[in-house]
Each structure stands twice: as C-alpha cells, then as structure tokens.
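Have a look at the structure below before the remarks.
The values are calculated or read from the model by the stated rules, or taken from the named source; none is laboratory data. Model, not experiment: these values are computed from the prediction. Cβ placement follows ideal geometry from the backbone for every residue including glycine, while neighbour counts extend to all protein chains displayed. SASA here: full protein model, heavy atoms, side chains in, ligands and nucleic acids out. Shrake-Rupley method; radii C 1.70, N 1.55, O 1.52, S 1.80 Å.
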Amino acid sequence: MTDATKTATISIGGKTQELPIMQGTIGPDVVDIAKLYGESKVFTFDPGFTSTAACKSAITYIDGDEGILLYRGYPIEQLAMEGDFLESSYLLYYGELPTPAQRKKFVHDITHHTMIHEQMVLFFRGFRRDAHPMAVMVAMVGALSAFYHDSTDINDPRQREIASHRMIAKLPTIAAMTYKYHVGQPFVYPQNHLSYAENFLHMCFAVPCEEYKVNPVLAKAMDRIFTLHADHEQNASTSTVRLAGSSGANPFACIAAGIACLWGPAHGGANEAALKMLEEIGTVDKIPVFIEKVKDKSSNVRLMGFGHRVYKNYDPRAKILQASAHEVFEALGKQDDPLLDVARELERIALSDPYFIDRKLYPNVDFYSGIILRALGFPTSMFTVLFALARTVGWISQWKEMIEDPSQRIGRPRQLYVGPTKRDYVPMGKR
Ligand code: ACO
C-alpha cells in the first residue's frame, strides 16, 4: 500500500524527484524507486540486496531484532508445536489454515502423489554411488519436468496446483531414494498409511529383510524440522526460485534452481559445520579453550550455529529444536550423549559471555538441527537435502504468489559497469 502522505525526496545534480513510500502490514516502510531511472537516469546500488525489497509478499514475516517468525501471521512456535508440516504447507501455499475437510483432501492429494514415475528410478543408476546427494537432488528434481509435462503450463492454475502438489509429495521420495542409493541399499517405496514424516523415515531407514516401526517421537522431531525450515521469506534460494520463475520457466526447473542455490555452504550447509564443530570439541572440558579461540580474531574460528544475518535475537526455531533434541535423545536412550552436553554447555557459556551478548550472537536453527539429524541416523551429506525437501513448500508458495501477481515482470537487475569503454578490435597479427 502506498501512503500518499509520505514520500522520500532524492536530489541528483540539482534535480529533485519525489519517491513514493510504501507501507506493509508490519515491518519497515519501503521507498518505491521503480520510476527512478525513468525520471532521473540513475540506478541504485545494493549488492547482496541488504536494503532492497525485490517483491511484495504476504507469506512469511521475520523480525530479526525481536526473534519473530510468522507464516501467514501465525507464530512459528505455535505451528511447530501444535500443528504439523502438511498443515503449515497448506497454510503457506493457500494462505489460510485448512478446515478439517480441506486438510483431509490435501493430505489425501499429497499422499497419492508420492510415487515417482518408474522410469525415473532408472536415472539413479546413472549416478556414481559416492555422488553428493545434493548433486543427485538437483538433477532428479529438474528431471521431473521431463516426466510431468502435463503440469508445466504455468498459465493454467490447475496445472500450477498439480505441479506444486507433485513436488511437495515427491521430494521426500526422491530424497529418500537419493539416500538409499548413496548407502547402497534397495529403494523403499512410499506407504500411504503413514504420515508425511513417518513415510519419509520409513523410506530412508526400512530395509526389505526386517520390519521397521517408525518411532513416533522421532517422526514428530522430523516433522518439526520440516515445519521450521518450510519458509524464510526472500533468502538466496527463494530469490533464485522467483528469478528463475519470472522468465516463465516451469516450476520443476525453478525448484531445481532453488536447490542448487541452497547447496552453498553459506546457505544450507551451516548445520553440517555446527555438528562438525561439536564433534571436534568433543567434551565439555574443552569448551573454554574453544571459546577463547572464537574470541581471538586472528584465529578465524567462529562459533558455528551462532549468529544470523537477520536474527539479532534468539532464532525462534533454535528454541524449539533445543527441546526437540532432548526428546529425541531421550527416546533413543542417549541422554548422556557427550555431543548434547557439549551443545548445552556451549550455549550456556556463550549466552552469558559479553563477547556474544554485545554482538547479539544467539543460537540459530542450525545449532541443534545437525545434532537431531545425526541422532535420527542421517549422515551429514544428507542434511542439506532435508532442508531442500522442507523448503520446497516455501519455494513453491513464493513461486505461486509471484505468478499470480498481475504486476509480475521478468526479474532483470541492473549493474554499475566498471569494464573497458568502447575500443576497436585489434587483429591477431597486431597483438
Ligand atoms: N562466532 C564468533 N563471532 C561471530 C560469529 C560467530 N558465529 N558471528 C558473528 N561474529 C562476530 C564477527 O566476528 C563480528 O565481530 P566484530 O564486530 O568484532 O568484527 C560480529 O560478530 C558481526 O559479524 P558479521 O559477520 O558482520 O555478522 P553477519 O550478520 O554478517 O553474519 C553469519 C551472520 C554469517 C550467520 C555469522 O553470524 C556466522 O558466520 N555464523 C556462523 C555460521 C552459521 O551458523 N551460519 C548459519 C546461519 S543460519 C542459516 O543460514 C539457516
């Protein structure tokens, strides 16, 4: 919404231009610079988009100073503790919590799209067994567009919905198959009587030679991890999905692009680094020496799983995962696991140390998620895959919102050109 009473004035070379100011429902106001180039012939410069809103969105809101994360207005704590992942998926995608009938239909639709085309199963055989699971994910999700072209017409709302359902349903199957291929075990097909998280754990950890019963505490923890990772507004991978989608690319290709972006260690790989750090510290008595190293700037050592570009307060997701970690370790009879002790003590010390307090460094979602995933039985190479699985719901919701926005145009950032000015070609013999 534009507030006509508020404008920003920019003065360039003596010429002034009034810029409208837009207001969201919450959050900072936004200066609308869309007409800046047309009238003043200048671009703005903001590498990393630290001050630039690239879109309007009604999906997710973050207040990093207060440690608030809302999906469609609902606090993440309530959704993770009282609801489940498929309910949050419905909420993110359709905008409202489902009624009982809507929920029943949605769960049915997702459950009945979980198998992948059998021809796709053969694709796995083409990969090396030691391929990184994210490499396989990017390829397999991109390949969905080769198998489901009946849902790639982005101008047809029903096809958009079917493609979205397919991805929410099939990503766990592809992720589980990726894992099974990686460890050299036979694929396990989806089971429709299981919940989303139960089915995923079953596809990952069941083997044909014995019965596998999903532990409900572990399934709940898995479901919470999915819910907590489902969306996080305009981060790098979500912006990638939007940019890819802005050209009219099909949704499967867009989500594959998002997965590729998430793969980077600065985005999806931090929980792996946090777990590695806890393993390296090993025991509680080694923590003081480690903390001193972190505080010593010349060491270049960081407390992984602490600090966040947006959250300058406790990441609300970290609190939920801290409780989840205790439940999981208790269910597995591993309360005395030294890794959990190290995490707890590290957190206690860091939260009372002026170095971390002054810099507003709090545990982020990655501090506990790696410990839980390891306890569930996943190798670190699968951590980002699980993140991608959960974030697919956010990506697809953001993609849908963008496609349905009548003002949507192809994304086309501008640049500050610093290369050579025009010069004449020099023939080879004269160089
Ligand atoms: N350990 C020790 N010191 C830290 C840490 C940390 N984890 N994070 C920031 N600092 C210090 C910096 O050294 C700097 O100190 P200075 O002011 O004395 O120079 C100050 O805090 C500010 O740091 P910046 O790097 O400017 O903060 P920024 O907001 O850019 O960084 C980031 C955010 C990259 C997440 C950082 O906190 C970090 O590297 N954390 C560890 C990695 C991690 O856990 N990443 C996961 C993020 S969550 C996610 O992506 C899902």
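Considering every residue within segment 226-244, establish whether at least one is at positive phi and more than 10 Å from the ligand (Cβ to nearest atom). Yes: segment 226-244 contains one or more residues that are at positive phi and more than 10 Å from the ligand (Cβ to nearest atom).
Taking Q335, is it open to solvent by 40 Å² or more (accessible area, probe 1.4 Å), without any contact (Cβ under 8 Å) to a residue 24 or more places away in the chain and in contact with a helix residue (DSSP H, G or I) (Cβ under 7 Å, 6 or more places away or on another chain)? Criteria met by Q335. Here G64, G14, G83 are screened, and the one residue that is out of contact with any strand residue (DSSP E or B) (no Cβ under 8 Å at 6 or more places or on another chain), over 22 Å from S239 (Cα atoms) and at pLDDT below 95 is G14. Scoring S237 on the criteria (1) under 23 Å from E330 (Cα atoms); (2) of a type in the set (S, T, N, Q); (3) in contact with a Leu (Cβ under 7 Å, 6 or more places away or on another chain) leaves a single failure, condition (1). For segment 350-381, a residue qualifies if it is more than 10 Å from the ligand (Cβ to nearest atom), outside any loop (DSSP other than H, G, I, E, B) and open to solvent by 40 Å² or more (accessible area, probe 1.4 Å), and the qualifying residues are L351, S352, P354, I357, R374, T380.
For residues that are open to solvent by 40 Å² or more (accessible area, probe 1.4 Å) and of a type in the set (A, V, I, L, M, F, W, C), tally how many sit in segment 302-322. Residues meeting the conditions: 2.
Per-residue answers, yes or no, for (1) open to solvent by less than 40 Å² (accessible area, probe 1.4 Å); (2) more than 24 Å from P316 (Cα to Cα); (3) touching a residue at least 24 places away in the same chain (Cβ under 8 Å); (4) not in a helix (DSSP H, G or I):
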| residue | (1), (2), (3), (4) |
| --- | --- |
| Y61 | no, no, yes, yes |
| L70 | yes, no, no, yes |
| A80 | yes, no, yes, no |
| S88 | yes, no, yes, no |
| L92 | yes, no, yes, no |
| Q102 | no, yes, no, no |
| H113 | no, yes, yes, yes |
| Q119 | no, yes, yes, no |
| G126 | no, yes, no, yes |
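Just one of the listed residues (G370, G377) is in contact (Cβ under 8 Å) with a residue 40 or more places away in the chain, in contact with a Lys or Arg (Cβ under 9 Å, 6 or more places away or on another chain) and of a type in the set (G, A, S), namely G370.
Search segment 389-428 for residues being touching a Gly at 6+ places or on another chain (Cβ under 7 Å) and among the aliphatic types (A, V, I, L, M), and hand back the single one that is least open to solvent (accessible area, probe 1.4 Å). Across segment 389-428, the extreme among qualifying residues is M402.
I'm trying to understand the selection: among the residues of segment 185-242, which are among the small types (G, A, S), touching a residue at least 60 places away in the same chain (Cβ under 8 Å) and open to solvent by 50 Å² or more (accessible area, probe 1.4 Å)?
Matches in segment 185-242: S195 only.
For segment 35-43, the criterion of a residue being within 30 Å of I410 (Cβ to Cβ), touching a helix residue (DSSP H, G or I) at 6+ places or on another chain (Cβ under 7 Å) and open to solvent by 70 Å² or more (accessible area, probe 1.4 Å) is satisfied by at least one position.
On the given criteria, is D341 more than 10 Å from the ligand (Cβ to nearest atom), outside any helix (DSSP H, G or I) and acidic (D, E)? No, not satisfied.
So is A253 out of contact with any His (no Cβ under 9 Å at 6 or more places or on another chain), farther than 16 Å from D341 by Cα and either aromatic (F, W, Y) or part of a loop (DSSP other than H, G, I, E, B) (or both) or not?
no
Checking each residue in segment 55-79 for being among the basic types (K, R) and out of contact with any Ser or Thr (no Cβ under 9 Å at 6 or more places or on another chain) picks out no residue at all. The number of residues in segment 264-301 that are free of Cβ contacts under 8 Å to residues at least 60 places away in the same chain, exposed (fewer than 15 other Cβ atoms within 10 Å of the Cβ) and within 11 Å of the ligand (Cβ to nearest atom) comes to 8.
Listed here are the residues, each with its yes/no results for (1) closer than 29 Å to S324 by Cα; (2) among the hydrophobic types (A, V, I, L, M, F, W, C).
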{"position": "N215", "(1), (2)": "yes, no"}
{"position": "M222", "(1), (2)": "yes, yes"}
{"position": "H229", "(1), (2)": "yes, no"}
{"position": "A253", "(1), (2)": "no, yes"}
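Restricting attention to segment 1-30, the residues being open to solvent by 70 Å² or more (accessible area, probe 1.4 Å), within 28 Å of I403 (Cα to Cα), assigned to a strand (DSSP E or B) and among the β-branched types (V, I, T) number 1.
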